[in-house]
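These notes are about the structure you will find just below.
Derivation of every value follows stated rules applied to the coordinates shown; laboratory data play no part. Remember, it's a predicted structure, so these values are computed and weren't measured experimentally. Cβ sites come from the backbone with ideal geometry, for glycine too, and all protein chains shown count toward neighbours.
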Amino acid sequence: MVDQLIDWIQISLNLFSQSTDRILWNLFLAYIPLTLSFYLFRLSAIRHIFWWVFLLIFISFLPNAPYILTDSIHIIELSQKNYPSWAIILVVIPQYTIFIVAGFEAYVISLIRIDHYLTNLNLVAQKYLIVINAIAHGLCVVGIYIGRFERFNSWDFISQPINVLFTTMQDLLDGEKLLSMAIAFLLIWLLTEFTKLVNHKIGLGITSAATLK
């Protein structure tokens, strides 16, 4: 019995460690734009040159948060390895569920802060926030696609912008790729609105004017 318990623990720890580095790194990238949002989207923020530089960094890194949704593919990959089903159910699925929820939450809260910033400063009317959100979703979907399938990352926007732009334009002109992006756009939109609703119910991510100062 003790030997079996030790064996279970070893299997669980081994399986858990398979994704730990990837999860920590991707969460770090996902929380860069969230962290920047607390600086950028304050009512007292002065839009000087550094503000615009940080805004560009924010935009470049924002797709890293919803990109985490695509990491669910690793659940399938791990389930195809020689691990018992109970380990996949009790270790991998909870691990990735927490990971994905935490990462996507960073994206949603960032958008909420943008919404409150724009409306509290009367920069955008409430009815046009849907357009701002649609632009954010669209840019993120493109970023996710070229990150997952073209293997670009946020740094490539700085190091090789022409290559990124050329590849992106090619992908956008491909009907099948464009369709997959459209499906991803719809999925992210629905998940974002659902997460906002849940946040509202539990009081998470509700940004008052006081917290924006």
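Of note:
- Excluding same-chain neighbours fewer than eight residues apart, the aspartates and glutamates reachable from Lys196 by a Cα-Cα span under 18 Å are Glu105, Asp115.
- With contributions of -39500 (n - 2.57) from each DSSP H run of at least four residues, the per-residue ellipticity at 222 nm computed over the chain stands at -24500 deg cm²/dmol.
- Label zone (Leu173, point 7 Å along Cα-to-C-beta; backbone nitrogen cut-off 15 Å) within the range 127-164: 163-164.
- Contour minus Cα-Cα distance for Lys201 and Leu139 (0.36 nm per residue): 19.5 nm
- A simple rule links phi to the HN-Hα coupling: the Karplus curve 6.51 cos²θ - 1.76 cosθ + 1.60 with θ = phi - 60°, which for the range 10-22 gives 5, 4, 5, 5, 5, 5, 4, 6, 4, 10, 4, 4, 4 Hz, with x for Gly and Pro.
- When only Cα pairs below 8 angstrom with a gap of at least 6 residues are kept, the chain shows a relative contact order of 27 percent.
- Calculated FRET efficiency for the pair Gln160/Ser17, C-beta based, R₀ 25 Å, to 0.05: 0.15
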